[in-house]
Amino acid sequence: MRRTRLDAATKDLDPPFAIVDLDAFDHNAADLARRAAGHPIRVASKSVRVRELVSRALERPGYAGVMCYSLAEALWLSEQNVTEDLLVAYPTADRASLQKLAANETARQRVTIMVDSTEHLDFVDAAIGPHADIRVCLELDVSWRPLPGVHIGPRRSSIHTPQQAKALAAKIVQRRGFKLVGVMAYEGQIAGLGDNPPGQPLRAIGIRLIQGRSGPELVQRRTAVVTAVRQVADLEFVNGGGTGSLELTGSDPSVTELAAGSGLFGPTLFDGYQAFKPEPAALFALSVVRKPTRRVATLFAGGYIASGTPTPDRQPSPYLPDGLKTLGLEGAGEVQTPVTGKAAEQLRIGDRVWMRHAKAGELFERFDEVHLVHGDRIERTVPTYRGERRNFG
């Protein structure tokens, strides 16, 4: 029984604390590699935020490189020699980090920054002055636009068509101090949106319809974009996908690598997919501190709300013992989280309840360390980014 095993492994710890179940983590890592079908997976660090676990994934077959969420993070990971291949997934306006990048030859060889306009190039030039070549990746907007004015997908790049991509690529190639090495296209409306949301059959139908139309359009357009960009630049990589879209992205002949991170931990937002079921690997434990009624137990702390839309699915969820849920009028709170259900009848003061976060790496912005559990023991305890005093936003 998993609860018994986890309780035994952590019996000497006082909640709140966080763990990663290494058996589940390794299972998930292997399954992601299976789904990638031979494409190397770049580890999305924002969904991990524990240096030890980023390295653990990279040690496995089928994984290569890190997709960072900030330039400062990429510079730090380069200093720590985590990998020699660091792609910053979002454009940067961090002048200090750009200056560090420009001054460090090793970092310039390892780090690639993201752009989708010449304004990004202008900002870099203004921040650091004349400089040696900086590696850049062109990001493509892969939202689905079935009708004029309709935008389905994340609001990211301004580059949507092959013509726009080729024009920008030509300007980058002609620009002194920059080297265009890659194209990235993240299909958030597929990779990050479950097609089987629990208890929402009508929403599921709508999501599947959107994804069924968006996917083929994306493969066709991304292939055309890459063909156009390769006419003016020698690309080292074309990155695409996410945990929820590895099969689709891997079927695109223009893509050379995939990206994934959330699937390593299996947070609750990834319960709503038909094609795969990650094991819950990242958990946190809370203590029962009140029993206001027979069927309600109140836990200390727990209000670790995920970013995104302010909807109930962004709250953490009780996991073990089975059969608990939060209260609709209270939810997970800063200093207390009431839970109810038949299982609450058996809970006593000092018992622990295991919780799951809605998103992956955001949990570890709350904890300085994470306990790595193997079987029924803690294998070791390692710092999170926060525990290493690294806050990248």
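Quick notes on this one:
- Segment 26-46, subset in a helix (DSSP H, G or I) and within 19 Å of Glu365 (Cβ to Cβ), residue least open to solvent (accessible area, probe 1.4 Å): Ser45
- Any hit, segment 294-302, residues being open to solvent by 10 Å² or more (accessible area, probe 1.4 Å) and free of Cβ contacts under 8 Å to residues at least 40 places away in the same chain: no
- Failed item in (1) open to solvent by less than 20 Å² (accessible area, probe 1.4 Å); (2) farther than 19 Å from Asp14 by Cβ; (3) outside any helix (DSSP H, G or I), with Ala344 passing the rest: (3)
- Hits in segment 11-25 - residues which are surrounded by 21 or more Cβ atoms within 10 Å (Cβ to Cβ) and part of a loop (DSSP other than H, G, I, E, B): Pro15
- Qualifying residue in segment 285-292 (condition: at pLDDT below 95 and not assigned by the TED database to the domain that holds Gln200): no
- Scanning segment 87-96 for residues that are open to solvent by 10 Å² or more (accessible area, probe 1.4 Å) and either more than 25 Å from Ala260 (Cβ to Cβ) or in contact with a Cys (Cβ under 6 Å, 6 or more places away or on another chain) (or both) turns up Ala93, Asp94, Arg95, Ala96.
- Out of Ala132, Ala72, Ala102, sole residue that is small (Gly, Ala, Ser), more than 19 Å from the chain's Cα centre (by Cα) and either assigned to a helix (DSSP H, G or I) or on the phi > 0 side of the Ramachandran plot (or both): Ala102
- Among residues of segment 365-393, those that are in a strand (DSSP E or B), touching a Lys or Arg at 6+ places or on another chain (Cβ under 7 Å) and open to solvent by 80 Å² or more (accessible area, probe 1.4 Å), counted: 0
- Residue under evaluation Gly188, criteria (1) in contact with a helix residue (DSSP H, G or I) (Cβ under 6 Å, 6 or more places away or on another chain); (2) at pLDDT below 70; (3) not basic (Lys, Arg), criterion not met: (1)
- Residue match in segment 384-393 (condition: in contact with a Gly (Cβ under 8 Å, 6 or more places away or on another chain) and modelled with pLDDT under 95): no
- Whichever residue in segment 307-322 is in a loop (DSSP other than H, G, I, E, B) and modelled with pLDDT under 95 and, among such residues, is surrounded by the most Cβ atoms within 10 Å (Cβ to Cβ): Gly308
- Residue list for segment 350-364, filter: open to solvent by less than 50 Å² (accessible area, probe 1.4 Å), among the small types (Gly, Ala, Ser) and part of a loop (DSSP other than H, G, I, E, B): Ala358, Ala360
- Any hit, segment 277-289, residues being free of Cβ contacts under 8 Å to residues at least 60 places away in the same chain and surrounded by fewer than 18 Cβ atoms within 10 Å (Cβ to Cβ): yes
- The one condition from (1) more than 26 Å from Ala285 (Cβ to Cβ); (2) buried (at least 20 other Cβ atoms within 10 Å of the Cβ); (3) touching a residue at least 40 places away in the same chain (Cβ under 8 Å) that Leu77 does not meet is (3).
- In segment 233-260, the residues that are within 22 Å of Lys166 (Cβ to Cβ), open to solvent by less than 10 Å² (accessible area, probe 1.4 Å) and polar (S, T, N, Q): Asn239, Thr249
- Within segment 99-130, the set of residues being open to solvent by 30 Å² or more (accessible area, probe 1.4 Å) and either of a type in the set (S, T, N, Q) or outside the structural domain of Thr161 (by the TED database) (or both) comprises Gln99, Asn104, Thr106, Gln109, Thr118.
- Set side by side, the residues Lys166, Lys179 differ, and just one is at pLDDT 95 or above, open to solvent by 60 Å² or more (accessible area, probe 1.4 Å) and assigned to a strand (DSSP E or B), which is Lys179.
- Residues (open to solvent by less than 50 Å² (accessible area, probe 1.4 Å) and in contact (Cβ under 8 Å) with a residue 60 or more places away in the chain) located in segment 47-63: Ser47, Val48, Arg49, Val50, Leu53, Ala57
The values are calculated or read from the model by the stated rules, or taken from the named source; none is laboratory data. Quick caveat: nothing in here was measured; it's all calculated off a predicted structure. Every residue, glycine as well, gets a Cβ built from its backbone with ideal geometry; the counts of neighbours run over all protein chains shown. Ligands, DNA and RNA are excluded from the accessible area calculation, which covers all protein heavy atoms including side chains. Shrake-Rupley method; radii C 1.70, N 1.55, O 1.52, S 1.80 Å.
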